[in-house]
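Here is the structure we will look at.
Derivation of every value follows stated rules applied to the coordinates shown; laboratory data play no part. Computed from a predicted structure; not experimentally measured. Cβ placement follows ideal geometry from the backbone for every residue including glycine, while neighbour counts extend to all protein chains displayed.
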Amino acid sequence: MKGLSYDLFAQGGPMMWVLLAMSLAGTLIFIERLLYLHRGQIRSTAFVSGIKNILAKRRLMEALTVCEETPGPVAAVVKSALLQADRNEQEMRLAVQEAALIEIPVLERRLGSIAAITQVAPLVGLLGTMLGMITTFHAFVQGGSYASANALAAGMWQALISTAGGLVVAIPGHLAYHFLSGRVRAIVRDVEWSGNEIMRYLLGEYRVLPPNGNGGTLAEETPPKKP
């Protein structure tokens, strides 16, 4: 069975090796992006609720520590808002937007490479098809009226297998691209919601909470230096 599979692959011509390299590259990129997005996607509702509970106790430094220890763009955006907890709405919103502009492109990194592979793979397969047809007509011209069926079949095999190889690479590539794009969109929605929600809390409920001795700003939570 292995020999048969390799024979079919070899009959596809040189473009099959190009398709194989593209397939391996696309698979590696997909696995790396899948693991990265899985690590960066958290339960944003529960995370923001936990941050609010900490802030309700006026423990801003503890909330910042939780954000630093939590991976992903949601925690980074929430942290940027917490750092501006004592600023006005415009400054806080600007900080949140800057953090989002840094985090979102990282989420979309290498998705363009998968899209490029899925678009180019059918063209590579088509090139292999054309080379196969050229081989077929060359064999026909060389053999004239007595061209053997084997000589003609070799070019036809190359043409058909190359076309199939291009589609085999492109179809899963399209599915992988749309799957990862969906994950990115979901995380971006979480980032936008988390940023707006923590800003609403900081500008509203947090500022009217009575102090309990821990203070509500970074300056207040910093312990005094010993003389």
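Which of the peptides 15-23, 31-39 is most tightly packed, and how do the rest follow, going by the mean number of other Cβ atoms within 10 Å of each residue?
15-23, 31-39
Could you order peptides 79-86, 130-137, 105-112 by the average number of other Cβ atoms within 10 Å of their residues, highest first?
79-86, 130-137, 105-112
Determine the gain in length on full extension of the stretch Thr65-Leu160; use 0.36 nm per residue of separation and subtract their C-alpha separation, reporting nm with one decimal.
That pair, Thr65 and Leu160, stretches by 28.3 nm at full extension.
Beyond 16 Å, what share of the Cα-Cα pairs of segment 75-125 is found? Please give it as a whole percent.
Value for segment 75-125: 56 percent of Cα pairs lie more than 16 Å apart.
Length gain on complete extension for the stretch Ala46 to Arg110, per 0.36 nm per residue less the alpha carbon to alpha carbon distance?
Full-extension gain reported as 20.1 nm.
Mind ranking 197-205, 181-189 by how tightly packed they are, going by the mean number of other C-beta atoms within 10 angstrom, highest first? Walk me through the intermediate numbers first.
Details: 197-205: 17.6, 181-189: 15.0.
Sorting 197-205, 181-189 by mean packing, highest first, produces 197-205, 181-189.
Can you give the FRET efficiency for Asp86 and Phe179, using 1/(1 + (r/R0)^6), R0 = 41 Å, r = Cβ-Cβ distance, to the nearest 0.05?
Step by step, r from the Cβ atoms, then E = 0.45.
Work out the FRET efficiency for Leu126 and Leu94 from their Cβ-Cβ distance, taking R0 = 30 Å, and round it to the nearest 0.05.
It comes out at approximately 0.05.
Calculate the dipole size of segment 71-130 relative to its Cα centre from +1 charges on Lys and Arg beta carbons and -1 charges on Asp and Glu beta carbons; express the result in debye to the nearest 20.
In debye, rounded to 20, segment 71-130 gives about 240.
Quick check: pseudo-label points 7 Å beyond the Cα along Cα→Cβ at His38 and Phe137, how many nm apart are they?
5.0
Cα centroid distance between segment 184-199 and segment 104-138, in Å?
35
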